[in-house]
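The structure under discussion appears below in the form of structure tokens.
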Amino acid sequence: MSDIIRLLPDSVANQIAAGEVIQRPASVVKELVENALDAGATDIVVHIKDAGKTLIQITDNGCGMSPSDARMAFERHATSKISSANDLFAIRTMGFRGEALASVAAIADVEMRTKRHEDETGTYLHINATRIITQEPAACSNGTTIQVKNLFFNVPARRKFLKTDATELKLIISEIQRVAIPNPEVAISLFHNGTSLYELPAGHPRKRIAGLFGKSINQALVPMETSTSILSVSGYAGLPKYARKTMGEQFFFVNRRYMRHPWFHKAVMQAYEKLLPQDAFPSYFIFLEIDPANIDINVHPTKTEIKFESETAIWQILNAAVRETLGKHNVVPSIDFDQEGSVDIPLPPRPGQTVTTPFIEFNPAYNPFSESHGQSAGSRSSGNVSQGQNLRHWESLYTGMENARPDTVSVDRNPERGIFTDPPLGYSGKKVLQLKQKYLILPVKSGMMLIDQKRAQERILFEKFMEIMASERVPTQQILFPHTFELNPLDAALLMEILPDVTALGFDIREFGKDTFIINGVPGVLASSSPADLVEKLLEEFKNSPLEAKSRVREQVATSLAKASALSYGVDLQPEEMDHLVDQLFACKSPNFAPDGKPVLTIVPIGDIEKMFGR
Ligand code: ADP
Ligand code: MG
């Protein structure tokens, strides 16, 4: 029998490799923009058609390539960035594996024009699915333009996997943000189907952030800066009072490369503990500079996770740096300062390294007992304000709901009312207690019922919203003074995507310029005092809900709005309110479960209670 092992032809090997590096249009954008940055470009222009499915074109004014390099660049493992294994420990460039261009060329139709500044003429190269169609000298401007057309034309399975244009575009925008933030000295523009999404001039990091997320972010950010022997930290932390109901403006970069690090995220969030209103996320843009030898770079290039030596020490440095920044702005409650000792970190020394204790600055003038303390109390009270709003909002909720099911829900507070003549779970009425501002306790025939107050309200609202969506006449309450609000481009795209469903719920929201919306009306049942906040919360909930089939988007929007508008925990309820909540819950079709499937109530059986007393 003859040998059966063969080497795969290049075209097949490249296509397999491409599967790892290039998952979607956004991956192409990321790789090509990173290449442009590595080439020293100071101006990068990205043109996208149909969310990158038809065309991705990137033009840079970087170093360009010689005719032979232009050809070599598309070979697998062809890179100008490392030449020996040792170089791997000093990597500061974005790419180094020499995989990106080979991968892209395997699954698309690629044309490149490139010229080095010192050359008279440049090179035109056309490659289709790894096959070179043309290579010839050509007149080009300095730098490189790459056009990637019909991505995945020869991998139909991948093409089918792509999401809607809105989603793919969102991912592209997100990649652009990740490279644009840490490289503010490079001008970057992004156009989609000829429309400009970003035209960011070179400038100050802060201006760059404002260019990406809207001018209003400027006032929210305070600078931070800390230097230690193992790394330095700089960037911006958001003031708690500007924290938003939606995530998406939290960024870490290490040596100018975007990174995701849930554990370090916790270090930042812990520094904000007690400073934030409920469900609010502060923005942060934090840049870590660290000797590349202390990072495990042997991770896949498309992965955004990075492994560090001494993660615990970095955690504490980060946490201290954010506290210090907030302390300087007098927004840290005194209690946090009890933990100051925790920044005194004994670092695990690396061989041959002299260890210095990390140096953490803090505000020595800060005195928790002085007046400035008042400010921290102020920022905490803002949390209470929003609770107050919640309460009012809670009240207003009934106005719409009362009429919703006149046959099942009584607005009459008379204890004799007969809603529960046939109570579904033996509710005996009238004896509702609140526990920890979170649970309602009430006696039922079989024992003691515990109801989660937030989930109960989510269920009630959800059923109401589903009813509204199915009905012909959608009750909208017009707002006297319409609000305009600005979203970051990602959230704006998301809102556009679900706008028909949001409208079906009774919102009256229109696009009003780039990433700006005007809200003229809210669902009749939700007389919200701050409709823009409500929309932001709705988007946040929607983003956090699991991706569902298209047919269930409506339900998902209704669930998200129910979650966003339900009262939160930590709210004191009046006896009538609790009573009414219970009534409404048992008027629901499925009172036992919240719209996301979590239990709303449970019963501690009387038998178990008897046992506790040794009976
Ligand atoms: P890597 O970036 O990992 O080296 P790529 O496949 O992305 O691998 O690119 C291969 C090589 O092509 C790079 O090392 C670089 O020398 C060259 N190259 C790619 N894009 C550009 C560009 N925009 N300008 C100049 N050179 C480039
Ligand atoms: Mg590269």
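Since every read-out is calculated from the coordinates, none of them should be taken as a lab result. These numbers come from a predicted model, not from an experiment. When we count neighbours, we look across all protein chains shown, and the Cβ atoms used for this are built from the backbone with ideal geometry, even at glycine.
Note on segment 121-192 and segment 572-594: Cα centroid distance 54 Å, given to the nearest whole angstrom. Centroid-to-centroid, using Cα positions, segment 217-292 and segment 469-489 are 33 Å apart.
Applying 1/(1 + (r/R0)^6) with R0 = 25 Å to the Cβ-Cβ distance of Met612 and Lys266, what FRET efficiency is obtained, to the nearest 0.05?
Once rounded, the FRET efficiency stands at 0.10.
Projecting the Cα atoms of Leu276, Ile317, Met247 onto the dipole axis of segment 246-322, where Lys and Arg carry +1 and Asp and Glu carry -1 at the beta carbon, places Met247 farthest toward the positive end. For segment 10-202, the spread of Cα coordinates along the three principal axes comes to 42, 41, 39 Å, biggest extent given first.
When only the Cβ of Lys, Arg, Asp and Glu is charged (+1, +1, -1, -1), the dipole of segment 10-202 relative to its Cα centre reaches about 700 debye.
Among residues other than Asn35 whose Cβ falls under 11 Å from its Cβ, what is the net charge (Lys/Arg +1, Asp/Glu -1)?
-2
The trypsin sites (Lys or Arg not before Pro) found in segment 451-502 that occupy coil by DSSP, while having at most 10 further C-beta atoms within 10 Å, are Arg473. Take the Cα of Ser232, step 7 Å toward its Cβ, do the same at Gln574, and the gap between the two points is 5.9 nm. May I ask what percent, to the nearest 5, of DSSP beta bridges between residues of segment 207-328 are antiparallel? Among the beta bridges of segment 207-328, antiparallel pairing accounts for roughly 80 percent.
Dipole magnitude for segment 207-328: computed about the Cα centre from +1 point charges on Lys and Arg Cβ and -1 point charges on Asp and Glu Cβ, it is near 580 debye.
Using the Cβ of Asp10 as centre and a radius below 12 Å, the other residues enclosed give a net charge of +1, where K and R count +1 and D and E count -1. Summing charges over neighbours of Ser66, with a neighbour being any other residue whose Cβ is under 15 Å away from its Cβ, gives -2 when K and R count +1 and D and E count -1. Against the compact-protein benchmark of 2.2 N^0.38 Å, the Cα-based radius of gyration of segment 207-328 scales to 1.04.
Here segment 490-514 and segment 1-70 have alpha carbon centers that stand 35 Å from each other.
Mean sequence separation of contacting Cα pairs (under 8 Å, at least six apart), scaled by the length of segment 478-615, corresponds to a relative contact order of 18 percent.
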